[in-house]
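Visitor: Here it is: the structure, laid out below.
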4 protein chains.
Amino acid sequence: MAMTGVLRPGHAQLRVLNLEDGVRHYRDIMGLTEMTRDAQGRVYLKCREEVDHHSIILREADSAGLDFIGFKVLDEATLERLERDLQAYGVETSRLPAGEMLETGTRVRFKVPSGHQFELYAQKTQVGNGCGTLNPTPWNPAATHGMAPLRFDHALLYGPNLAEVHKLFVEVLGFNLVERVLNPEGTANLIVFLSCSIKSHDIAFAEYPEPGKLHHCSFLMESWEDVLRAGDIMSMHKVPVDIGPTRHGVTRGRTIYAWDPSGNRFETFKEDRQPYPDQEPLTWSFEALGEGGGLDYIQRKLHETFLTVLT
Amino acid sequence: MAMTGVLRPGHAQLRVLNLEDGVRHYRDIMGLTEMTRDAQGRVYLKCREEVDHHSIILREADSAGLDFIGFKVLDEATLERLERDLQAYGVETSRLPAGEMLETGTRVRFKVPSGHQFELYAQKTQVGNGCGTLNPTPWNPAATHGMAPLRFDHALLYGPNLAEVHKLFVEVLGFNLVERVLNPEGTANLIVFLSCSIKSHDIAFAEYPEPGKLHHCSFLMESWEDVLRAGDIMSMHKVPVDIGPTRHGVTRGRTIYAWDPSGNRFETFKEDRQPYPDQEPLTWSFEALGEGGGLDYIQRKLHETFLTVLT
Amino acid sequence: MAMTGVLRPGHAQLRVLNLEDGVRHYRDIMGLTEMTRDAQGRVYLKCREEVDHHSIILREADSAGLDFIGFKVLDEATLERLERDLQAYGVETSRLPAGEMLETGTRVRFKVPSGHQFELYAQKTQVGNGCGTLNPTPWNPAATHGMAPLRFDHALLYGPNLAEVHKLFVEVLGFNLVERVLNPEGTANLIVFLSCSIKSHDIAFAEYPEPGKLHHCSFLMESWEDVLRAGDIMSMHKVPVDIGPTRHGVTRGRTIYAWDPSGNRFETFKEDRQPYPDQEPLTWSFEALGEGGGLDYIQRKLHETFLTVLT
Amino acid sequence: MAMTGVLRPGHAQLRVLNLEDGVRHYRDIMGLTEMTRDAQGRVYLKCREEVDHHSIILREADSAGLDFIGFKVLDEATLERLERDLQAYGVETSRLPAGEMLETGTRVRFKVPSGHQFELYAQKTQVGNGCGTLNPTPWNPAATHGMAPLRFDHALLYGPNLAEVHKLFVEVLGFNLVERVLNPEGTANLIVFLSCSIKSHDIAFAEYPEPGKLHHCSFLMESWEDVLRAGDIMSMHKVPVDIGPTRHGVTRGRTIYAWDPSGNRFETFKEDRQPYPDQEPLTWSFEALGEGGGLDYIQRKLHETFLTVLT
């Protein structure tokens, strides 16, 4: 098989300080579709090109941040194999029963040394993107509203023990390193961009003393035009913007960083690279993250929020 | 591992009636870079975002068409495994020694029931895209000329025994079916779009009585703007255009089909889908290929050349 | 004054065979806003960036086509001057009272030798584009639906006596010739593109034996992305498409031609030229209209509908 | 006539501290074409879509800044009329003979109360854009290099006596006010955007105590894609960037501000508005220039350089 093991980040559960404010942001301003709510009060949303039932789950809580990210794996056999592999590697795993998350099968939950919770799952109801599977339309006008992201694309997470997390994702979960930023001393990685496909990252981690922190969840846009359009919509709704529109040097993506009403950073992102695992990783010196345009290729500066503002 | 087995179509060897006319087309008009020529007189070219040494090889011959397509596989172990799997499946294979194609390792050659030659290889010199791997630039101005395609993306091939070819690519080589067009009777597939990644196709085949025919080689463009710009350049150089610019319903790609000086069709193509193997294939009825916009979503017609003009 | 005299085509009254089908097309599919209906049953619509009350008026009739086009002029003094100038030139004029067309001042009506009715007016209620005039938003999400054209841009009209019409528009109304297509013999103009601004045309005329015919009304799109998006929407609604998406050689515009439910051709159009009146007109030979890419720069062919299908 | 009087800003003469550094910037990095040099050592350049011989003139001097801006007027009669009108209005004028600026006719020079030198001229050699005037190509590949701006579009100038300058441009030169920013007290205009066409500005002025200052010269880009591409090229060449890429709220343009090697600010700019003189001007409060997104619609902040860094 060519695409095997872990397929993609399939969902992220975000903590928001006020549920209805969060729903207004992700549904009405960003343009995700609200799919359902569960008995815990969690709200499930999906992006317009996603075929699975949901990708973003909002949970009201006293502090903002990320509860967990779930990776869709190819099938049940893969799920069982990866569960065994994690355990063999020394990672403690637990199972959440099918249905604990609505429309979703059994999930294998584990914590990585950066303090983040992940889960693997093989099954989620496929509701389609509204275009049909017989003689489909190219896109679904009814689902195209707000900023209209295509997909939940990736997340960047901050926490300790980056080298261990990196090793686990490569050796157990089959990700490969696409790009990396070195620490100021040049002695170790500060940020790693890891892919399980030909995207420039399906997940990224940065070294940080406090565990379990979220830097941003990223949403894939259709074009650079749509990145600006998303920025216009942010401005119309007074969504606070952090950086952009600009090009990232790292990943070459085109981007805006902004914050949801709870302070969770999100990204509207367009990329055109197709990095393959046979390709040498790209390396950025710490200085180049700022002055070299790694973060902001046009402005060539290290926006101070990038290394400090997290949830 | 998440990306395993076959990674991508890595090269295609095309027959051209006049070598220098072919070079002028692919190098000067399309904007590929001529990398080298070998003792047989073959010309090796690469696209601007490709890291490997070459992707298109031109060979002068009395008839136009495709000699073979080569797929890059993950590593030598994969190459050996797939060679054994092919043989176990009943496919005859042979080995071409490293260096027979310049800058390229051992290739495992085999013929599929549609009459097309393929090869697998694990090694090709990586010359890079000219952006460097330490603090890279986002793109390489020196390599951005002519139509400036990013990559050789896929090919569509016509020949007999589609069902057998389809089965071989899925069961042995690990591809998955992303989309398909049914025959007029609705009893079997007429065209299958097969992926070994999250592209909508890495290779496609159509049922056709004559074996080993080429419909087109496709080149990935950066944007819909660049598809039109490519069309402008075709027109400036009187490159004969077949279809487009338009949107394909199948794959949702944005496209122009045109012909090189030998009559080999090529495509300038932009797509934004990310189909995954856990997703149900999309099906098109034969009627919908034309009237349903499968071929030309805007014009909703079956251009007669599509099913008949091949090399 | 720098912009003086005639400012722009401000409205076109179209005959449609079924009013509600027409409204569905222009309002629901194209995305104009229905502003009002009058006692005659006419429906008034506007495009999203237009500040004036309306630009397209639909009237139900037994035959499709164009009733008239109205040009907005700078002010009342200009209206009176141009009325006198027309009369002095030998053109018969009449006045329609303010309010005969809702929200519109007095109109000076006249017929040109091609058999088309035109009118000049200096006053129409300015309702704005919904962005406000104090600290405005850059665009109005509430008005951005369907194909979302920015403006009614121009029309191409077919009729006899092209040279006389050309002369009248230049000498009396102050238009200038931007481009022209010669007749097959090269002895006279076949089509003239006339501007009263720095658009490549505010009105165009083609020589044709039958008077008063409409070739198309054109709507300005924001980008080439939006031209394709308009094409997608046409296809979704089975709007019959004539030509495109492609680039016109003439005007360099990017275009789709299609038909409304009554058979009136319309265009979704994006242009980036700024031709000034001090610039030499561009000339196209008749052969170049087809093979030279004047009509369809990518396909380099004269689509037969272009010279024959009119309302 | 519809386009009369002043047509457009046709040239700007810039002072640069080192001529060859300046030429490298405007010619090699921005992609203007060097047309000629004169006996004074001035370098004449043109943008790819300009038909006239040149638009930017570089002069080496001890201080950076703007020498003058020249407006092309419709014809010699207009030149004479405007000369008389300026004198009648109390503006002192002088004549520079044809040929003092190469390929350029007589220029009528005058100084406005903000301390800026302007000139009017009716004649400049038309060299064309390289596409021809008979069956032209849509764009000229040979002239499309570097950032590839289409035209010199406008300039923003800082100096005293804004109200007087505004009055002069409207009453004598026929410009109209398209947008304006009020001063902090709301008692007068701080910035006025003046147009002699349907561009959102052909010239803009800001109130500032020191006379004759240049804020920026702006260059029109073909698309938002090209604005980013220009930003990439700035970064590749370490051109210092001031603001952007972003959208201006004022004018709705998409923009990057950056500095040439002498510290003269320039803009790469894309706009899609067509403001007409019958349309009410848009007004921005001073607060809205920053927090309301007038300067930077996405970031909604007043970058401090905007009001302070000038040449």
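The values are calculated or read from the model by the stated rules, or taken from the named source; none is laboratory data. The structure displayed is predicted, hence computed values, not measured ones. Backbone-built Cβ (ideal geometry, glycine too); neighbour counts: all protein chains shown.
Visitor: State all residues of segment B:278-295 that are assigned to a loop (DSSP other than H, G, I, E, B) and facing another protein chain (nearest Cβ under 9 Å); if no residue qualifies, say none.
Guide: B:ASP278, B:GLN279, B:GLU280, B:PRO281, B:SER285, B:GLY292, B:GLY293, B:GLY294
Visitor: Can you spot a residue in segment B:63-77 that is over 22 Å from the mean Cα position of the chain (by Cα) and modelled with pLDDT of 95 or more? Give the derivation first.
Guide: In the first step, residues of segment B:63-77 are kept if they are over 22 Å from the mean Cα position of the chain (by Cα); the result is B:76-77.
Still in the list and also modelled with pLDDT of 95 or more: B:76-77.
There is at least one residue in segment B:63-77 that is over 22 Å from the mean Cα position of the chain (by Cα) and modelled with pLDDT of 95 or more.
Residues are listed down the side, and each one gets a yes or a no for (1) within 14 Å of chain B (Cβ to nearest Cβ); (2) over 17 Å from the mean Cα position of the chain (by Cα):
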site	(1), (2)
A:GLY22	no, yes
A:THR36	no, yes
A:ALA39	no, yes
A:LEU45	no, no
A:ARG48	yes, no
A:SER55	yes, no
A:LEU58	no, no
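Visitor: For A:VAL172, which of the numbered conditions (1) surrounded by fewer than 21 Cβ atoms within 10 Å (Cβ to Cβ); (2) of a type outside the set (S, T, N, Q); (3) in contact with an Asp or Glu (Cβ under 9 Å, 6 or more places away or on another chain); (4) within 16 Å of B:LEU134 (Cβ to Cβ) fails to hold?
Guide: Every listed condition holds for A:VAL172 apart from (4).
Visitor: For the list (1) in contact (Cβ under 8 Å) with a residue 12 or more places away in the chain; (2) more than 23 Å from D:SER218 (Cβ to Cβ); (3) touching a helix residue (DSSP H, G or I) at 6+ places or on another chain (Cβ under 8 Å), I need the number of the one condition that D:PRO138 fails.
Guide: Among (1) in contact (Cβ under 8 Å) with a residue 12 or more places away in the chain; (2) more than 23 Å from D:SER218 (Cβ to Cβ); (3) touching a helix residue (DSSP H, G or I) at 6+ places or on another chain (Cβ under 8 Å), D:PRO138 violates only (1).
Visitor: Return the residue satisfying two criteria in turn: it lies in segment C:194-210 and is assigned to a strand (DSSP E or B) and more than 15 Å from C:ARG273 (Cβ to Cβ), and of such residues it is nearest to the other protein chains (Cβ to nearest Cβ).
Guide: It comes out as C:ILE203.
Visitor: Ok, one more. Looking at segment D:35-88, which of its residues are without any contact (Cβ under 8 Å) to a residue 60 or more places away in the chain and in a loop (DSSP other than H, G, I, E, B)?
Guide: Listed by number, the residues that qualify are D:ALA39, D:GLN40, D:GLY41, D:ARG42, D:ALA61, D:ASP62, D:ASP75.
Visitor: All but one of (1) over 20 Å from D:HIS215 (Cα atoms); (2) in a helix (DSSP H, G or I) hold for D:PHE169; which doesn't?
Guide: Status for D:PHE169: all satisfied but (1).
Visitor: Checking A:GLU179 against (1) part of a strand (DSSP E or B); (2) surrounded by fewer than 23 Cβ atoms within 10 Å (Cβ to Cβ); (3) of a type in the set (D, E, K, R): exactly one of these is not met. Which one?
Guide: Condition not satisfied by A:GLU179: (2).
Visitor: A further question follows. For segment D:15-37, does any single residue satisfy the condition of being among the small types (Gly, Ala, Ser) and surrounded by fewer than 19 Cβ atoms within 10 Å (Cβ to Cβ)?
Guide: no
Visitor: Does A:ARG109 satisfy the condition of being among the basic types (Lys, Arg), surrounded by 15 or more Cβ atoms within 10 Å (Cβ to Cβ) and assigned to a strand (DSSP E or B)?
Guide: Values: among the basic types (Lys, Arg): yes; surrounded by 15 or more Cβ atoms within 10 Å (Cβ to Cβ): yes; assigned to a strand (DSSP E or B): yes.
For A:ARG109, the condition - among the basic types (Lys, Arg), surrounded by 15 or more Cβ atoms within 10 Å (Cβ to Cβ) and assigned to a strand (DSSP E or B) - is met.
Visitor: Name every residue in segment A:224-260 that is aromatic (Phe, Trp, Tyr) and within 25 Å of A:VAL16 (Cβ to Cβ), in order of residue number.
Guide: A:TYR257, A:TRP259
Visitor: Residue by residue through segment A:211-252, note down the ones that are of a type in the set (A, V, I, L, M, F, W, C), within 12 Å of chain D (Cβ to nearest Cβ) and touching a Lys or Arg at 6+ places or on another chain (Cβ under 6 Å). It would help to see each step written out before you state the result.
Guide: Taking segment A:211-252 and keeping what is of a type in the set (A, V, I, L, M, F, W, C), we get A:214, A:217, A:219-221, A:224, A:227-228, A:230, A:233-234, A:236, A:239, A:241, A:243, A:250.
Within this subset, residues satisfying the condition of being within 12 Å of chain D (Cβ to nearest Cβ) are A:224, A:227-228, A:230, A:233-234, A:236, A:239, A:241, A:243.
Those that are of a type in the set (A, V, I, L, M, F, W, C), within 12 Å of chain D (Cβ to nearest Cβ) and touching a Lys or Arg at 6+ places or on another chain (Cβ under 6 Å): A:TRP224, A:VAL227.
Visitor: What about C:VAL16, is it away from chain D (no Cβ under 14 Å) and under 21 Å from C:LEU156 (Cα atoms)?
Guide: In short, yes.
Visitor: If I ask for residues that are closer than 17 Å to B:ASN264 by Cβ and either surrounded by fewer than 23 Cβ atoms within 10 Å (Cβ to Cβ) or of a type in the set (A, V, I, L, M, F, W, C) (or both), which ones from segment B:232-249 would you list?
Guide: Selection gives B:MET234, B:HIS237, B:LYS238, B:VAL239, B:PRO240, B:VAL241, B:ASP242, B:ILE243.
Visitor: Just checking, does segment B:43-50 include any residue being touching a strand residue (DSSP E or B) at 6+ places or on another chain (Cβ under 7 Å), among the acidic types (Asp, Glu) and over 22 Å from B:HIS201 (Cα atoms)?
Guide: no
Visitor: Going through D:THR268, D:THR308, D:THR255, D:THR283 one at a time, which residue ends up being under 29 Å from D:VAL172 (Cα atoms) and among the polar types (S, T, N, Q)?
Guide: D:THR283
Visitor: Right, here's the next one. Quick one: is B:THR255 under 30 Å from A:LYS124 (Cα atoms), touching a Ser or Thr at 6+ places or on another chain (Cβ under 7 Å) and either within 14 Å of chain C (Cβ to nearest Cβ) or at pLDDT 95 or above (or both)?
Guide: no
Visitor: Kindly provide the set of residues from segment B:121-138 that are of a type in the set (A, V, I, L, M, F, W, C) and more than 7 Å from every other protein chain (Cβ to nearest Cβ), ordered by number.
Guide: The first filter runs over segment B:121-138 and keeps only residues of a type in the set (A, V, I, L, M, F, W, C), leaving B:122, B:127, B:131, B:134.
Once the filter is applied, which keeps residues that are of a type in the set (A, V, I, L, M, F, W, C) and more than 7 Å from every other protein chain (Cβ to nearest Cβ), segment B:121-138 yields B:ALA122, B:VAL127, B:CYS131.
Visitor: For residues in segment D:139-162 being under 21 Å from C:VAL178 (Cβ atoms) and within 12 Å of another protein chain (Cβ to nearest Cβ), which is surrounded by the fewest Cβ atoms within 10 Å (Cβ to Cβ)?
Guide: D:ASN140
Visitor: To continue, here is another question. Confirm whether C:GLU80 is over 26 Å from D:LEU282 (Cβ atoms) and of a type in the set (Asp, Glu). Walk me through it before giving the result.
Guide: Details: over 26 Å from D:LEU282 (Cβ atoms): yes; of a type in the set (Asp, Glu): yes.
Yes: the conditions hold for C:GLU80.
Visitor: When you scan segment A:56-106, how many residues do you find that are of a type in the set (Lys, Arg) and either in contact with a helix residue (DSSP H, G or I) (Cβ under 9 Å, 6 or more places away or on another chain) or not assigned by TED's automatic domain parsing to the domain that holds A:TYR26 (or both)?
Guide: Of the residues in that region, 2 qualify.
Visitor: While we're looking at this one, here's another question. State whether one or more residues within segment D:239-257 are touching a residue at least 60 places away in the same chain (Cβ under 8 Å), farther than 24 Å from D:ASN189 by Cα, outside any strand (DSSP E or B) and not small (Gly, Ala, Ser).
Guide: Yes, the conditions are met somewhere in segment D:239-257.
Visitor: From the list D:ARG95, D:ARG24, D:ARG15, which residue is basic (Lys, Arg) and not in a strand (DSSP E or B)?
Guide: Of the residues listed, the single one that is basic (Lys, Arg) and not in a strand (DSSP E or B) is D:ARG24.
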